[in-house]
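Supplied in structure tokens, the structure appears directly below.
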Amino acid sequence: MSFSTIAQSDTTNKLSYTAFIDAYYVFDFNQPKNNSRSAAFYNYNRHNQVGINLGYFKIAYDYQKIRANFAIAAGTYMQDNLGSEPELLRNIFEANLGFKIKKNWWLDVGVFPSHIGFESAITKDCWNLSRSLCAENTPYYESGAKISHTNKSKKWFFSLLYLNGWQRIQRLEGQTLPSFGSQITFKPNDRLSINHSSFVGFMNPDTMAVLRVFNNFYFIYQITERFGLTMGFDYGQQQKSKNDPKLNYWFSNTLVAKFKLTEHFAVAGRSEYYGDPSNITIPTYTGGFNVFGNSINLDYTPQNNFLIRIEGRLLMADASIFLNKGKTFQNKNSFVSTSFSYQF
């Protein structure tokens, strides 16, 4: 269930306020004993209980050469995704300041949404109710500095990033090495968007630092007014250990289709494969995390900006990695999720 409210917009000073709350219910047929679901998920990660996934209050300012965003947040998403941050930083959803260097060139510093992937933590902005395995195991947020440029025709967007790490507000203790990122987006028209994002950086403190290189590709094609496709491919590599030239790898493929049935109803389906044979990104599973998944969700919009969603999802692994009712392991995990969202 999500609610988003734009409370005020002052056209004089370009100051706006936004409130958002995202509540949900998930029934996991594997019925985890402690009601906490798979460690592969950071959104909607509680079983058989109504929970607040994400709630935030945001202030935004945009005027002439200055722009700024500040949002504080709470919910199970914040608990699961920012648990490794210092306690005082765990409620920061966004905090950044930007300065226009010259026309179409910006320098932004602070905490901002990740430059990787086509999904965010905000459910109403995504075609599917739940996030893909790729989105759940790549950064949702990042901190540092970025220079960005949009060309005159507004068809090309470029950015270079200096980061504090792979989804980190504050660097790990004992880590002094920075990370870097890039993004290139091409929009030849209003229907098509093609994107490449990258990350290069060292994981772990300096004494155990290993290099990680990650590439994210996706395109979004709105074929007709009612029907759209999104396709994503990701590939990552990481050193097996410090000073070891050998690399482990992981990858994912995601295909999403959305069809608007009527003015009030839409349906979206997703197929995906996530291959992490060496447990680089999802270390809690033994023997690798190699999973194929399908999901389908129905969206109902009874009035403008009010969205009701229900989704069924099935994950199938090549090994018995999913705990079933706290007793045995099996190769399948299925669940049903619901969501309500409102924005005005």
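Among the residues of segment 64-91 satisfying the criterion of being aliphatic (A, V, I, L, M) and in contact (Cβ under 8 Å) with a residue 60 or more places away in the chain, which is nearest to ILE21 (Cα to Cα)?
Looking at the filtered set, the residue picked out is LEU82.
Does segment 241-249 include one or more residues that are touching a Gly at 6+ places or on another chain (Cβ under 8 Å) and assigned to a strand (DSSP E or B)?
Yes: one or more hits.
Output the strands (runs of 3 or more DSSP E) that fall wholly within segment 266-332 and possess 3 or more residues being open to solvent by 40 Å² or more (accessible area, probe 1.4 Å), or say none.
Correct list: 289-303, 306-317, 328-330.
Mind counting the residues in segment 41-57 that are under 21 Å from the mean Cα position of the chain (by Cα) and over 16 Å from SER120 (Cα atoms)?
5
Given the residues GLN175, GLN167, which is the only one that is at positive phi, in contact with a helix residue (DSSP H, G or I) (Cβ under 9 Å, 6 or more places away or on another chain) and not in a helix (DSSP H, G or I)?
None of the others qualify; the one that does is GLN167.
Next up: In segment 48-69, what residues are assigned to a loop (DSSP other than H, G, I, E, B) and either within 18 Å of PHE99 (Cβ to Cβ) or open to solvent by less than 60 Å² (accessible area, probe 1.4 Å) (or both)?
Those that are assigned to a loop (DSSP other than H, G, I, E, B) and either within 18 Å of PHE99 (Cβ to Cβ) or open to solvent by less than 60 Å² (accessible area, probe 1.4 Å) (or both): GLN64, LYS65.
Please find, within segment 114-129, the residue that is surrounded by the most Cβ atoms within 10 Å (Cβ to Cβ) out of those that are in a helix (DSSP H, G or I) and of a type outside the set (Lys, Arg).
Checked segment 114-129; the qualifying residue surrounded by the most Cβ atoms within 10 Å (Cβ to Cβ) is THR123.
I've got another one for you. Just to be sure I understand, how many residues within segment 262-303 are closer than 30 Å to PHE344 by Cα and among the hydrophobic types (A, V, I, L, M, F, W, C)?
The qualifying residues number 6.
Which condition from (1) touching a strand residue (DSSP E or B) at 6+ places or on another chain (Cβ under 6 Å); (2) farther than 28 Å from ILE308 by Cα is the one that LEU129 breaks?
Exception for LEU129: condition (2).
What are the residues in segment 212-243 that are open to solvent by less than 80 Å² (accessible area, probe 1.4 Å), over 20 Å from ARG131 (Cβ atoms) and free of Cβ contacts under 8 Å to residues at least 24 places away in the same chain, if any?
If the condition is that a residue be open to solvent by less than 80 Å² (accessible area, probe 1.4 Å), over 20 Å from ARG131 (Cβ atoms) and free of Cβ contacts under 8 Å to residues at least 24 places away in the same chain, then THR224 is the only one that fits.
If you scan segment 183-201, which residues turn out to be part of a strand (DSSP E or B), more than 12 Å from TRP166 (Cα to Cα) and either basic (Lys, Arg) or free of Cβ contacts under 8 Å to residues at least 24 places away in the same chain (or both)?
The answer is HIS196, and nothing else.
How many residues does segment 181-212 contain that are in contact with a Gly (Cβ under 7 Å, 6 or more places away or on another chain), farther than 18 Å from TRP156 by Cβ and modelled with pLDDT of 95 or more?
The number of residues fulfilling the criteria is 3.
Filtering segment 168-203 down to residues that are aliphatic (A, V, I, L, M) and touching a Pro at 6+ places or on another chain (Cβ under 9 Å), which residue is nearest to PHE112 (Cα to Cα)?
Across segment 168-203, the extreme among qualifying residues is ILE169.
Go through segment 69-117 and report how many residues are closer than 22 Å to PHE199 by Cβ and touching a helix residue (DSSP H, G or I) at 6+ places or on another chain (Cβ under 8 Å).
Of the residues in segment 69-117, 3 are closer than 22 Å to PHE199 by Cβ and touching a helix residue (DSSP H, G or I) at 6+ places or on another chain (Cβ under 8 Å).
Checking GLY165 against (1) surrounded by 20 or more Cβ atoms within 10 Å (Cβ to Cβ); (2) within 25 Å of LEU307 (Cα to Cα), which single condition isn't satisfied?
(2)
The values are calculated or read from the model by the stated rules, or taken from the named source; none is laboratory data. Model, not experiment: these values are computed from the prediction. Because the Cβ atoms are built from the backbone with ideal geometry, glycine has one as well, and the counts that use them run over all protein chains shown. Areas reflect the complete protein model, heavy atoms only, side chains present, ligands, DNA and RNA absent. Shrake-Rupley method; radii C 1.70, N 1.55, O 1.52, S 1.80 Å.
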